[in-house]
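Since every read-out is calculated from the coordinates, none of them should be taken as a lab result. It should be emphasised that the depicted structure is a prediction, and the values quoted were computed from it without experimental measurement. All Cβ positions, even for glycine, are placed from backbone atoms using ideal geometry, and neighbour counts span all protein chains on display.
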Amino acid sequence: MELILVVVGAIVVTAISQRRGLEPALIIVVVGIAVSFLPDFEPPELDSHILLTVVLPPLLYSAALNFSFPTFLRNIRPILGLGVGLVVVTAFAVALVSSWLVVVPLTFATALVLGAIVAPPDAVTAVAVGRKLGLPKKVMAILTGESLINDAAALTLFSIAVAHVAGTHTFIANPFLLFTYSALIGPMVGGLLGYITLWIRKRLANPGLETVQGLVVPFAAFILAEEIHASGVLAVVVAGFVVGNGTLSAGYQTRLQERYVWNSVDVLLEAFVFAYIGLHLRFVLEDLKQAHESVWEVLGASIIVLLIVLVIRPLSVLLMFGRSKLARHVEAKWSVPVPEGELRGGRVRAKQRGEERRWRSKIDRRTLTWQENVVVSWTGMRGVVTLAAAAAIPVTTVSGQPFPERATIQAIAFVVAIGTLLIQGWTLPLLIKRLQLSRFNDDHAADRAEELKCEQVVHDAAEEVLAEFRANPPAGVDPELGREIRAVIARHAQDADEMPDPEAHTTRAEVFSGVYRSVLAAQRAALIAERDEGRIEDEAVRAMLERLDLQEAGVTARLESRL
């Protein structure tokens, strides 16, 4: 009953926040903190494994479904730098400083547990704010890609650190081999499950069953990967990439249903997670008192860790993205001509490395502007993974002793999560507006420009199919019938009454149905190709794909009502 009340309350707060133009996640956290201090209030309790297994997989899967895999590959360097490199740097920086300052009695090993917990940002809020305010597509691609893989790095590091402190044994003793195994086997599990999902869908041919099956995929991928000690996070992400890429072959009903179902799941889970964070802060502080810890000392340590988390990301972003700019500047200034002999040898070697260059050419090497760097450096809000990992700390070690400073680590993690949500989450929209980084003007000219690109791509794809139909009409179709079919398809959105009955087995109906489906397939494939090449914004392409699905749904509904 408590969980239902939390969900309902979070949804109400979300609706009110959206009407007032506020960020729902931040308001939910604040309201949750206030509610937690009400007399006789008892918060809902969930096992940490439930949080990780029930909440995290669908959020990651939904993001991967709507994210272009070629876009992910083009931005793989900054994504890996932030999603893996920065997570490791943050975890060890927190561990070193926390154990060195001795504000609270943390050894380096227990401090590393804390570092792994607070290291991964939750980009849900950042991506939502960026999408609403119109951040440049490269920034959005980097933030989305980072959110898909940083949890895997943090949870792997967390499991290694906890095993060391608790005295348990990991699947592979060597931490580097364990990380490699997890990073390789997890995606393999996800890819295999994704292709199995597509194979089953082709045989179901039922939108309702296909949608239900899609709801099972993220949980199955996460659990299967975790059972063989691989990364469940990466398994979910790769499964989402595979299924999302194969959704174009599904029917429009399946795509529309899944789109709205996953949007609803995202809103529900995100609202619940942020409410859960706020509702538990008071009780984390009470656990500290029961553990005979000084609340003020822990608060001081929390502020120090919060400052480290807030500072380490801008410094790392500056080093990662600023270094490439500096290197190019130095190369342009100090480069010298290549001797003719070396040039010929270089040509031979270049020919031998042709395949490698073609792969590298697909990587987007454009540098971020200083404004974009600033925004990326300020998107470090912590969320669901920090909360779940803090709750997942075992109560006792192998020897039966209490886990060292468990209450202290959980309290610091909660303060850091709430602090980053309130500080960075509230100031990020102001920062984006102040830097004038939004692509959208007051008249939404940028939006309209991308929409026009999509409309042109759709128009050209339809023209190609109709031109092919005009040049090579099916047997038995006279020129007059061909002109009639082309004209009806060209204006199908305006007048469905001119369309033939698809159930009527006439030449006109059969030819019309085949050409109409070919036009839609060509339009969708052309949109995806333009998006994957980076020539059209992902948001605009998704909007146009939805328009095509709704158009097809509307035409079908009018035909059925006519019949």
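At-a-glance table
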quantity	calculated
By average C-beta atoms within 10 angstrom, highest first, the peptides 144-154, 390-400, 181-191	144-154, 181-191, 390-400
Most to least packed among 405-411, 520-526 [average Cβ atoms within 10 Å]	405-411, 520-526
Candidates per chymotrypsin sites (Phe, Trp or Tyr not before Pro) in region 26-118, loop by DSSP, up to 15 other Cβ within 10 Å	Phe37, Phe41
Charge dipole (region 186-329, unit charges on Cβ, about Cα centre) - positive-most of Ser302, Phe274, Ser316	Ser316
In region 13-93, the trypsin sites (Lys or Arg not before Pro) that fall in loop regions by DSSP, at most 15 other Cβ within 10 Å	Arg20
Simple label model, 7 Å out from Cα along Cβ direction - Leu177 to Asp40, nm	5.8
Spatial separation of Cα centroids for region 267-306 and region 414-439, in angstrom	21
